[in-house]
Structure formats: structure tokens, C-alpha cells
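Inspection log for the structure reproduced underneath, given as C-alpha cells.
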Amino acid sequence: MSEQSAEPQTVLLRRGEVHSPADPFATAMVVERGQVAWVGSEGAADAFADGVDEVVDLDGALVTPAFTDAHVHTTATGLALTGLDLSGAPSLEAALARIREFATARPDDRVLLGHGWDAARWPGGRPPTRAELDAATGGRPLYLSRIDVHSAVVTTALLDLIPGGVTREDAPLTRDDHHVVREAALAAITAAQRAEAQRTALTHAASLGIGTLHECGGPQISSEDDFTALLRLAARTPGPRVVGYWAEQGDAGVAKARELGAAGAAGDLFADGALGSHTACLHEPYADAGHAGTAYLDADAVAAHVLACTEAGLQAGFHAIGDAAVAAVVEGVRTAADKAGLARIRAARHRVEHAEMLTPETVAGFAELGLIASVQPAFDALWGGADGMYARRLGTGRARTLNPFAALLRAGVPLAFGSDSPVTPLDPWGTVRAAAFHRTPEHRISVRAAFTAHTRGGWRAVGRDDAGALVPGAPADYAVWRTDELVVQAPDDRVARWSTDPRSGTPGLPDLSPGRDLPVCLRTVVGGRTVFVRPGE
């Protein structure tokens, strides 16, 4: 991203398609001083043409609100974009070959960093052994996080850098052992490398039409320096807005969140782990393991944290994936509501991240308590289906209950969509498609509802109801897209019916049917300032 520069105060965009609830037929928009000033028809746009600083001819392009990704790990995303990415490795042998190539190409790195391996998708289903990693790296320190970032494999040389206390068992490291090795690996990154990774991630997000990121940091995820450096970088250079959450528990966590400039003591405050690593906490044991995962917080701890955050005027939030963990969070928030009053708890808009294994009772609890469901539809696209990781971990019956977006919407639960990048890539239109074409048909929602969850939903999740839509007075955060004909999805639970009839009076959206090309971002604007222009446009 370039250094900040002056932008025209007033801009008229015309001869396009403007997605606005204020006017479903809008083809033009005026932006003034960082806000949407007007939306309307091409004929009415003539009245503004002489009084603006710049006129942008959209040439038929689509203008939408910029997306908000409600769950991101920005530095880790940048490191994955610039470093060793194993998410596409088709086998263990291919992964080891990529590790050898990466190690050879980076002879000066103090610690080699990689991400994205998923043994569940490889023939044989096993992760690399420590001996295989030692051989592939020539005995150098290496940290490789699993795709869900809840376990990792490492080399002997990295363990040798850690003074005691870490298991030497030749298996993926989880829980405290994983946190220790991750901290050691990330500590080897220089400030310059970290800044490069953060800039890379922010630039990439802008190129995808993302105007806001919710950074989920915390002492078990990154460092205070990493967190504050990102907030400073985002504040001083044109690019996506960054809203920071710091996941630290209790009164100390609330004080630290305030000190660091966070919106809440929230984000990845772990109530449990992840399904892929067998650390999500379940009511019943895993289908492919003799245990039910691990609880990191109980309902009493949840209640205490929610009360502390509510009293401080901050959002609380929890990472909860397994059904037992989600139930503990709901029970804890309900206990807090009994003490502080339901109205205060609902007004605080506390969050639950991921919330994959829900029951009708916990869905009702979310609605009752005003909890925001910060969810990742790409998880279902990646791990769902009869042959996916969910089914292997849980059996097909339980796997079919996961990520019930339609049930959440029917209950009135606010949805905010994100990627959990680098767990799944930044990909907003792909995320909307994944929700609309969920692998379990009864969990599908309309493209319109999914789009709203990925635009207005993210703003509502930080307490803003005046943003995320192109209406007068809203922040001028928007993206311009090259796409095919717009369609209007009929109000039909089967999701597959489409309409191009303009008489519907509903703003159209791209046809996201599987197999069709996704829209291409031509320009991204945040607060009236252009932060991305596609080369050649």
C-alpha cells in the first residue's frame, strides 16, 4: 500500500450497478468527505456532475459495500502468503518436498515457519515424523502449524531452543506444548519480517474488496507487540480498517484489552480446541478417538469473564467449536445475565467465534442472550460432506448438524462471517457461496442473507448499526466489481431459484452458483480513500 495521499473530497460514480437498499435500481452514487452522500438513477446523477471533484465511469461494473472479515490472524496470514504454505500439498511426500525446497531457498531464516498441513486429507492419513522433518530441513528449527492452527509438528532443533517443559513425543503438539513452541517460533521473527507480513496481508485483503478486518489476537496466539504494531500500521497507512480483539481472561484481560486499544477481551479466548486436532470439547466421544476432547474454560469462568467485560463496557467473546464447549459458553453467559440483567448482556453484543456444533437449545440460547455468531462458512466447504473431516471425526449423523446457519437466522441470531485466515483463505465471495450452497442443504441460507452477514454483519458485531450498506450517511467503504449479470434470489428455502426480473425491487447480486466465476475486484475504497486499484483498470 502506498503512503497516505489526498483524495478528492467529492466523487460521483455513475453508469454502473450500485447495490443499495435505499434504491434497488441505483446506477450512481456520490461520496463526500468519506461518507455516502447520495445513491440514485443515472438521470438524476447529471445534477451532481458539475459539482464534484471527480467522476468515475463504472462502465457497467457493480458497486457493493466492502466486505468485513470478522475473524482474521493478520500476521499469520501474511506469513502464510509469503512463507511455506502446505494447504495444497496432496500427500505427505509432496509436503516434505516443499519443506526441503523452502529450507534450501531460505538459508538465513533463524526459524523456518510453515502452515496448512492436513494429514486427514493425505493418503495414509499420518503427519510427518520428527525424523522426516529433521531430514527435510537439514536439522534446522522448523514450526509447521496444522490447518486449524490448534496443533503443530516441529523439528528437534526447535525443541532444543526451548528450555524444558515440552514433550518430546513424536506426535503433533497440542494445548500448552503447542503454545510454547509457537511462542518460541514467532519470537524469532524480526520486527521487519512482521511488518512485511502484516503489509502483505492487508494489501491482499484490500485486493479482494475487504474493507475491515477483525484481528483476533491474544497471549496464546501472538504477542502484545504484534497486536499493537498491526493496529498502528492500519491506522497510519491506507488499507482495510482493523478492529482488534485481545483474548485474555478476567479482570486482567479486561485491563490489558483496554491498554492495547482492543474492542474487547474477546476473539480466540479458548473454551476448547478444534475438531481436526481432536481438541474440540464434545458431549460424546469422537468417532475416531477414544475421548471427547478438552475443555479449556467452564461455565463459571465464562460467567466471570462476561461480567468483567460487561462492567467495563467491552465485548466478551469465546472460541467454542464442540457442542460441550458451546453449551458451557451459553450457560456461563446466562449466569452472567442472571446477575447483571439480560438487557445489559444483550446490549453488549458478546461474541462466540466458530460455534460449529450447535443444538436447538444452544441456538435458542444465542438468540435469548443476544450473542453474535462469528462463523466461517468455508469450514463446511473444506471439511463438510459425507467424506469430509467432520464425518471422519464425528460420524455422518453428528457431522450433518454442523454450522446450522439457517437455524441461527430463523432464531434471530446475528451472523458475522469471516475466514479465520490463514485457516481458510481470505475469500469473501467464496465465503458467501459456501453459506448459500452449504454441503448440508437444510443449513443453506440465501445469497442475500450471506452477503449481509459478510458486510453489515461484521459492523453490527462491533456495535455499529450505521455501516455496511451503501445508504446516505454510511461510511464510504465500498468495492467495485467486474461480474456477470446480476440476479435476485427468490425467497425460497431451496436456494437454487434465481430471478433477473427487475420488478422484484430487490438489489441484485452476482450468480454464485458452483462452477461460475466469482466477481473480480477492480477497486476498494475505505472511508472515501482508494486503497486498491487493480492494475490495468
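The values are calculated or read from the model by the stated rules, or taken from the named source; none is laboratory data. Treat the numbers as computed from the prediction; the structure is a model and nothing was measured. When we count neighbours, we look across all protein chains shown, and the Cβ atoms used for this are built from the backbone with ideal geometry, even at glycine. Surface accessibility is based on the protein's heavy atoms, side chains included, excluding ligands, DNA and RNA. Shrake-Rupley method; radii C 1.70, N 1.55, O 1.52, S 1.80 Å.
Taking a sphere under 12 Å around the Cβ of Ala49 and counting the other residues whose Cβ falls inside, with K and R at +1 and D and E at -1, yields a net charge of -4. Rounded if a/c is under 1.5, else prolate if a/b beats b/c, else oblate: with a ≥ b ≥ c from the C-alpha gyration tensor eigenvalues square-rooted, which is the range 89-207? Verdict is rounded for the range 89-207. Please label the shape of the range 129-190 as rounded, prolate or oblate, based on the square roots a ≥ b ≥ c of the eigenvalues of the alpha-carbon gyration tensor (a/c under 1.5 means rounded; beyond that, a/b larger than b/c means prolate, else oblate). In terms of gyration-tensor shape, rounded.
Estimated from the Cβ-Cβ distance and a Förster radius of 51 angstrom, the FRET efficiency linking Ala135 and Glu224 is about 0.90.
If the segment from Ala191 to Arg15 were pulled out straight at 0.36 nm per residue, it would be longer than the present Cα-Cα gap by 58.8 nm.
Can you check what the net charge comes to around Thr362, using other residues whose Cβ is under 12 Å from the Cβ of Thr362 (Lys, Arg +1; Asp, Glu -1)?
Within the 12 Å Cβ shell, the charges total -4.
Helix 224-236 and the longest principal axis of the C-alpha atoms of the chain enclose an angle of approximately 20°. Ranked by the mean number of other Cβ atoms within 10 Å per residue, highest first, peptides 245-252, 401-408 order as 401-408, 245-252. Legend: calculated FRET efficiency, Ala340 to Arg410, from the Cβ-Cβ distance at R0 = 30 Å, rounded to 0.05, equals 0.60. Shape of the range 352-477 from the C-alpha gyration tensor: prolate (a/c of 1.5 or more and a/b above b/c, with a ≥ b ≥ c the square roots of its eigenvalues).
Against the main long axis of the alpha-carbon atoms of the chain, helix 191-207 sits at an angle near 40°. Label separation (Ala287 vs Val533): 5.3 nm, computed from points 7 Å beyond Cα along the C-beta direction. A simple spin-label model places the labels of Arg232 and Asp57 4.5 nm from each other, with each point 7 Å out along Cα-to-Cβ. The range 59-134 to the range 317-390: how many Å between their Cα centroids? Between the Cα centre of the range 59-134 and that of the range 317-390, the gap is 29 Å.
Local charge for Val333 was computed over the other residues whose Cβ lies under 15 Å away, with Lys and Arg +1 and Asp and Glu -1, and equals -2.
Over the chain, one equal point on each Cα, no solvent: what is log10 I(q)/I(0) by the Debye formula at q = 0.08, 0.10 Å⁻¹? Calculated log10 I(q)/I(0) at the listed q: -0.51, -0.81.
Taking amide H positions as modeled 1.01 Å from N, with prolines and chain starts lacking one, the residues under 5 Å from Val56 and 5 or more places away or on another chain are Leu12, Leu13, Arg14. When +1 charges are put on Lys and Arg Cβ atoms and -1 charges on Asp and Glu Cβ atoms, the dipole computed for the chain relative to its Cα centre reaches about 280 debye.
Along the range 170-181 the Karplus relation, 6.51 cos²θ - 1.76 cosθ + 1.60 evaluated at θ = phi - 60°, assigns HN-Hα couplings of 7, 7, x, 8, 10, 6, 4, 4, 5, 4, 5, 6 Hz to successive residues, with x for each Gly and Pro.
Looking at the chain, the accessible area is 39 square angstrom per residue; that uses a 1.4 Å probe and ignores ligands, DNA and RNA. Here's the picture: charge each Lys and Arg Cβ at +1 and each Asp and Glu Cβ at -1 in the range 350-444, and of Gly430, Gly385, Ala411 the one pushed furthest to the positive end of that dipole is Gly385. Each DSSP beta bridge with both residues in the chain is either parallel or antiparallel, and the antiparallel ones are about 45%. Amide H contacts for Phe67 (H built 1.01 Å from N in the peptide plane; partners 5 or more residues away or on another chain; cut-off under 5 Å): Ile210, Gly211. Share of carbon and sulfur in the accessible area of the chain stands at 50%, probe radius 1.4 Å. Does anyone have the angle between helix 299-312 and the longest principal axis of the chain? Alpha-carbon axes, 0 to 90°, nearest 10? Approximately 40 degrees, to the nearest ten.
Among 260-266, 125-131, the peptide with the highest mean count of other Cβ atoms within 10 Å heads the list, and the full ranking is 260-266, 125-131. Along the range 506-523 the Karplus relation, 6.51 cos²θ - 1.76 cosθ + 1.60 evaluated at θ = phi - 60°, assigns HN-Hα couplings of 10, x, x, 9, x, 6, 9, 3, x, x, 7, 5, 7, x, 10, 6, 9, 7 Hz to successive residues, with x for each Gly and Pro.
Computed packing ranks the peptides 440-446, 531-537, 64-70 as 64-70, 440-446, 531-537, most packed first, by mean other Cβ atoms within 10 Å. Using the rule -39500 (n - 2.57) for each DSSP H run of four or more residues, divided by the residues of the chain, the 222 nm mean residue ellipticity is -10000 deg cm²/dmol. By DSSP, the beta bridges lying fully in the range 1-86 are antiparallel in about 60 percent of cases. Once both labels are positioned 7 Å from their Cα atoms along Cα-to-Cβ, the gap between Asp387 and Ala47 label points is 6.0 nm.
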